[in-house]
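Q: Sharing a structure with you now.
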Amino acid sequence: METLPKQIRNLLKQIDLFSIPVPVLTDDAKSKYSSPCSGLISILASVLSLAYFAYVLSEWANGNILPTITSNQQALAYSEQELEDNFIQFKLADPSNQDPFQRNNNIITPLLFIVEDYQIASAPLPLFSDDKNPFTVGLNKGTLIVNNLNQKIDEQSFKPQKNYLLIFIQCLDQYLIDNSNCASKEVIDQYMTEYHGFLSIVMKLEQYNYRQDQIEYITKQAYQALSPTYIQYTQIAIQQKAINLDNGLLLQNQVTYKLINDFYLINQSIDNQYIQNIVSSFSNQDVKLNAIMAYQIRIDNLQISDRIIMPKLSAVLAYIGSIVQVIFMLKYLALFINNQNLKIEMQTEILQIYYPNLKNMIIKRNYLGKIIPINETNQQDTQNEIFIKQYEEHLDIAFKKLRLINIIYELSRIELLLEKHFGLENVSECNQMGSKFQFISNDNKNQSSRVSIVSVGNSGPQPTDDIFKIFNKS
């Protein structure tokens, strides 16, 4: 640090955040002691803290700080779920490249039954593919309800349980609507004997992106074999997720979302008669149809609930503060450096008071503060070692002189010496001695009031300056 220009060293001292209090019994005129090294550490700690502060705030603004998320699963007695158009689709990957779901020359007709409390609420709705989405049928907008209450609570009337029953059947004219027709029986029979690949179930799911603070849509697929020989009854259970979001900046701000989180399948092999019995029992009518597969679409009463608390400004600042405290542990290094430098400077000043010729000597130290010799010749090396040993011993004594008990001891010796040479009566007169403070102009600068002193022996020439300034070490 001694190689730096004096202006830079002084600037670093002013920047020093880890100055230490200067004892009263020193010659330093300042209330705190600073050093260039401690100033550099202060700059380093401040720059690191500000950089980390800006980094964390940037991450917080971009949503990259993880929120607090608690998740649990609960059983619902009642729940409703609104469904969008084509929220679930059935796509056939048919190697024959023959669309069985088309409106004209239809081979396989998906019939949608709306079931409320195990009763078919309306006539079945046939679903067809179109030119934009061949080999694909999708469900229209609707509502699914799970209700295990079967009673009124707090005078509130709940809607009955509602789910969908989707049955893929061989085309029958009685279930078609206008502008649609079945293929010939020969075409239908031929199609049923061939291999037609897999039927994929595609559902649109929802998830909350806390980084972007928006709902995102993803798709999930499940595959089933399309085989008219073996009829499958499949339950499609839709799982809901409730998100209770607190996105307040300082205070609490609650936002609730209800999402379609997932679905799972439960498969069971049945015969055609069983499907007919289901439809007949739900409609109280004798139903005849040739089923290929059937799906019951319902809401699962087990719901996942997430509680998301976005990082608030107070939490972010507390997090930054904890890291900044770790960074500012560098202050202990700065305090150690300042204490060592102050100790060395005080010891050196005291020695130079007793031995003024030491001011003309250059004492070099390493980074640890240890005195190092200047090696030129063997003889000088030996002399340096002897001098360093004596100098370090005097430094230890000089530091001890700063102790208050030693200062009082030295003052007591001076008082006793004055009493011995001047007598107690003359020494007591010192309490009445003093100078008159007055303004000294340039004309009478060399004329000042003097005190009457007790002279012993020859009196030398009197100083021309104020005695108050003579023994002031600045």
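The values are calculated or read from the model by the stated rules, or taken from the named source; none is laboratory data. Fair warning: this is a prediction, and the values are worked out from it, not measured in the lab. As a convention, Cβ positions derive from the backbone with ideal geometry for all residues, glycine included, and neighbour counts pool all protein chains shown.
Q: For the stretch 72-83, what are the residues that are part of a strand (DSSP E or B) and surrounded by 13 or more Cβ atoms within 10 Å (Cβ to Cβ)?
A: Those that are part of a strand (DSSP E or B) and surrounded by 13 or more Cβ atoms within 10 Å (Cβ to Cβ): Tyr78, Ser79, Glu80, Gln81, Leu83.
Q: A follow-up question, please. Report yes if Ser200 is small (Gly, Ala, Ser) and outside any loop (DSSP other than H, G, I, E, B), otherwise no.
A: Yes, satisfied.
Q: Can you tell me which residue is surrounded by the most Cβ atoms within 10 Å (Cβ to Cβ) among those in the stretch 286-341 that are assigned to a loop (DSSP other than H, G, I, E, B) and touching a helix residue (DSSP H, G or I) at 6+ places or on another chain (Cβ under 8 Å)?
A: Checked the stretch 286-341; the qualifying residue surrounded by the most Cβ atoms within 10 Å (Cβ to Cβ) is Pro311.
Q: Give the residue, chosen from Thr143, Thr136, Thr193, Thr234, that is more than 30 Å from Leu66 (Cβ to Cβ) and loosely packed, with under 11 Cβ neighbours inside 10 Å.
A: Thr193
Q: Let me ask something else. State which residue pairs qualify: first residue free of Cβ contacts under 8 Å to residues at least 24 places away in the same chain and inside the stretch 59-80, second residue among the hydrophobic types (A, V, I, L, M, F, W, C) in any location, beta carbons under 7 Å apart, and separation of 6 or more residues or different chains.
A: Cβ pairs passing all conditions: Glu59/Ile65.
Q: Out of the residues in the stretch 78-134 that are aliphatic (A, V, I, L, M) and closer than 15 Å to Ile177 by Cβ, state the one that is modelled with the lowest pLDDT.
A: Here the answer is Ala123.
To keep it simple, each residue is scored yes or no on (1) modelled with pLDDT under 75; (2) among the polar types (S, T, N, Q).
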residue	(1), (2)
Ile363	no, no
Ile371	no, no
Thr377	yes, yes
Thr382	yes, yes
Gln390	no, yes
Leu395	no, no
Cys430	no, no
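Q: For the stretch 33-71, name all the residues that are in contact with a Lys or Arg (Cβ under 9 Å, 6 or more places away or on another chain), among the hydrophobic types (A, V, I, L, M, F, W, C) and loosely packed, with under 15 Cβ neighbours inside 10 Å.
A: If the condition is that a residue be in contact with a Lys or Arg (Cβ under 9 Å, 6 or more places away or on another chain), among the hydrophobic types (A, V, I, L, M, F, W, C) and loosely packed, with under 15 Cβ neighbours inside 10 Å, then Ile69 is the only one that fits.
Q: Keeping to the stretch 159-205, report how many residues are more than 59 Å from the chain's Cα centre (by Cα) and closer than 17 Å to Ala225 by Cβ.
A: Adding up the residues that qualify gives 4.
Q: With the requirement that a residue be touching a residue at least 60 places away in the same chain (Cβ under 8 Å) and touching a Ser or Thr at 6+ places or on another chain (Cβ under 9 Å), what does the stretch 193-211 give you?
A: Glu194, Tyr195, His196, Gly197, Ile201, Val202, Met203, Lys204
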